[in-house]
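Working notes for the structure below.
The values are calculated or read from the model by the stated rules, or taken from the named source; none is laboratory data. Since the model is a prediction, treat every value here as computed from it, not as a measurement. When we count neighbours, we look across all protein chains shown, and the Cβ atoms used for this are built from the backbone with ideal geometry, even at glycine. All accessible areas refer to the heavy atoms of the entire protein, side chains included, with ligands and DNA or RNA removed. Shrake-Rupley method; radii C 1.70, N 1.55, O 1.52, S 1.80 Å.
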Amino acid sequence: MTTTATTPPPPAPAPAAPTPATMPPDDAARLRATADFVRQQDTAALLPLLLPGLDGPELRALAQHTRFAHAALLVFPTGPQALRADLAACGLAADTPAHPSVVVRQRLALRHRRDPGELDVGILRPAVRGSDGTHRTVEVFTLTVPPGSDLVGLAEHERAHQHEAHLAFEVARPDPLVLRGLCALLTRHGATADGGGYNPHEDGTVFYFTAPAGSRAGYRRVELYAHGDHRDVLAAHLEEQRAQLPAEALLRRLTGAWTTQALAACAQLGVPDAMDTGAATDSAALARRLGAHPGSLATLLRYLTMLGVVAREGEAFRLTDVGALLRADAPGSLRPLALLYGGPFYRSFAGLAHTVRTGETAFDHVFGENHFDHFARDPELAELFDRSMAASSHMFEPLPAHPVLTAAGRAPAPATVVDVAGGNGELLGRLLDAHPRLRGVLLERPHVVEAARRRLDAAGCGDRCSYRVGDFADVPAGGDVYLLSRVLHDWDDERCREILRHCARAMPAHADLLVVERILPADGSASLATAWDLHMMCNVGGRERREDHYARLLADAGLTLVDRSPLPLDASVLHARKAAAPRLVPRPAP
């Protein structure tokens, strides 16, 4: 059965948009170009043009929470009558009321070193109807500049550079969590914080961004607009902007090691387990509960407040939802990752320069042996590693619905999923739980197999699973679906080919192979895969790869890449089959 990727088809090309380089100098012509753009655009088509690389679940999430609301520009009429004439010439309501624009006035004053009181900036929002019938506006900022005014130079500069021209997306049902998530999503796709403010005249909060360098939307700035007072979220957004100043940005990055150790110490001391998300705890009482030094704990808590792990309420502290993920018993707990990244991997990264200089793995250089042997010799470290792998289980949430696994779960005879190097059974257990007719085989090292057996028995699916102790050469034959989840990035190309050949030899002609990895973006856009590429090089001598690279490795093993589907946390699932295997027609949806 072949699958189709869940990424939506590329959007139709956007109508030509005025850019700072091509925007006509005449205000009426600029107004007309902006109004036409607003009428013709579509939210779902515009977002991928604005944010290169945005697709799949992230595109759907952004389109679900926002709608294209307006495009904005700043004009400089000689007086009210000239403004009304320009509006009418563009088919816009000439009697649209104006309100003070606090945000743009402050930006102009700062940019041109003027007294804000000298700049009477207004804002009008004449309505237009979008191509899909939705209500939209053209946001017109106005600053009256009579002939001979000392503001003529300011107007010429702004017309040339179009600092205030932007696209705006209105946030539906804004709340702090949604706003923070949307800001983070824009930042992840290359947009950078560029100011904002709260306008009390309209009771609305704006978050400005500079569009990514590769944006094809024709506007350099983006606005998220949220009804209501959201100055708490805005403060974090403005702090993000300040952090982009070169010296401050570099200094913040240099202190990244402090963040890692603060989170590791928080998890190691059991701070989240001793706190509550619903009520604040006095730091002195918390120190007594943990057996910690009161003053030192208070300093750590203040730093954790800056990280959003705890929230301060007077002299007391409350655990946030972010901090709750460091609890030992939290569903999807990230505590193992905090201990691992703040422990052995923290030490190994001190040898990164050695790796870059020599090509040798830093972990081997620091610890005197490779990562796998070192962890296998220490049962506690081995267990921590396996639990840390399971801590990223959010990545797997959509996987049970992959068409290959859905088809296997509905097959007339019970199908078998073979999880190669499947760790403690986290992923296999998810699949067996989602598809009660599936059977599983897990291949792993001896001590890991025992941990997986206990986990799957406790989950109630152990009776449908068998276990094989061995290495990659021992991949069981006769399965229907084979899994390689976060395995290939541990190894160099030659070892990857060997692993894939072992899988290909074991696979019957009808079998499918699913490979879960983070894929390096072909266009160099920001991705967690880039960070993990450095991590794998430093700690195991492995690497992340581009999709075409994996396609070549699969082909070398006699396998063909069928398609790729996105997963959370910047991961993907690659679907492959034997090169000679016929591609089956997907079964219709029930």
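For Gly56, state whether it is open to solvent by less than 30 Å² (accessible area, probe 1.4 Å) and on the phi > 0 side of the Ramachandran plot.
Yes, satisfied.
The conditions are (1) out of contact with any strand residue (DSSP E or B) (no Cβ under 7 Å at 6 or more places or on another chain); (2) not in a helix (DSSP H, G or I); (3) not β-branched (Val, Ile, Thr), and Leu443 fails exactly one of them. Which is it?
Status for Leu443: all satisfied but (1).
For region 499-535, what are the residues that are part of a strand (DSSP E or B) and either open to solvent by 30 Å² or more (accessible area, probe 1.4 Å) or of a type outside the set (Lys, Arg) (or both)?
Answer for region 499-535, where residues must be part of a strand (DSSP E or B) and either open to solvent by 30 Å² or more (accessible area, probe 1.4 Å) or of a type outside the set (Lys, Arg) (or both): Asp512, Leu513, Leu514, Val515, Val516, Glu517, Ile519.
Could you list all residues from region 239-282 that are more than 23 Å from Leu339 (Cβ to Cβ) and among the small types (Gly, Ala, Ser)?
Passing the criteria: Ala243, Ala247, Ala249, Gly278, Ala279, Ala280.
Count, please, the residues in region 545-590 that happen to be open to solvent by 30 Å² or more (accessible area, probe 1.4 Å), at pLDDT 90 or above and more than 28 Å from the chain's Cα centre (by Cα).
The number of residues fulfilling the criteria is 5.
Could you list, in sequence order, all residues of region 432-447 that are under 30 Å from His374 (Cβ atoms) and either aliphatic (A, V, I, L, M) or open to solvent by 10 Å² or more (accessible area, probe 1.4 Å) (or both)?
Val441, Leu442, Leu443, Glu444, Arg445, Pro446, His447
Any idea which of Phe345, Phe367 is more than 31 Å from the chain's Cα centre (by Cα) and over 30 Å from Ala511 (Cβ atoms)?
Phe367
When you scan region 481-494, do you find a residue that is part of a strand (DSSP E or B), open to solvent by less than 30 Å² (accessible area, probe 1.4 Å), small (Gly, Ala, Ser) and under 18 Å from Ala421 (Cβ atoms), even just one?
Scanning region 481-494 turns up at least one residue that is part of a strand (DSSP E or B), open to solvent by less than 30 Å² (accessible area, probe 1.4 Å), small (Gly, Ala, Ser) and under 18 Å from Ala421 (Cβ atoms).
Hey, does region 194-206 have a residue that's at negative phi, at pLDDT 90 or above and buried (at least 20 other Cβ atoms within 10 Å of the Cβ)?
Yes: region 194-206 contains one or more residues that are at negative phi, at pLDDT 90 or above and buried (at least 20 other Cβ atoms within 10 Å of the Cβ).
Identify all residues within region 276-294 that are within 27 Å of Glu239 (Cβ to Cβ) and either modelled with pLDDT of 95 or more or in contact with a helix residue (DSSP H, G or I) (Cβ under 7 Å, 6 or more places away or on another chain) (or both); write none if there are none.
Listed by number, the residues that qualify are Thr277, Ser283, Leu286.
For Thr260, all conditions in the list (1) out of contact with any Ser or Thr (no Cβ under 8 Å at 6 or more places or on another chain); (2) open to solvent by 40 Å² or more (accessible area, probe 1.4 Å); (3) of a type in the set (S, T, N, Q); (4) not in a helix (DSSP H, G or I) hold save one; what is the number of the exception?
(4)
Can you name the residue in region 393-421 that is farther than 16 Å from His575 by Cα and outside any helix (DSSP H, G or I) and, of all such residues, is least open to solvent (accessible area, probe 1.4 Å)?
By that ranking, first place goes to Ala415.
Any idea which of Ala211, Ala226 is within 17 Å of Leu47 (Cα to Cα) and either open to solvent by 10 Å² or more (accessible area, probe 1.4 Å) or in contact with a Phe, Trp or Tyr (Cβ under 8 Å, 6 or more places away or on another chain) (or both)?
Ala211
Test each condition in (1) under 18 Å from Asp492 (Cα atoms); (2) touching a residue at least 40 places away in the same chain (Cβ under 8 Å) for Pro336 and report the one that comes out false.
(1)
Within region 221-250, restricting attention to residues that are in a loop (DSSP other than H, G, I, E, B) and among the small types (Gly, Ala, Ser), which residue is nearest to Leu73 (Cα to Cα)?
For region 221-250, the residue satisfying everything is Gly228.
Test Asp364 against the stated conditions and say whether it is farther than 24 Å from Asp386 by Cα, acidic (Asp, Glu) and open to solvent by 50 Å² or more (accessible area, probe 1.4 Å).
no
Taking the stated definitions as given, is Pro272 farther than 26 Å from Leu73 by Cβ and surrounded by fewer than 16 Cβ atoms within 10 Å (Cβ to Cβ)?
no
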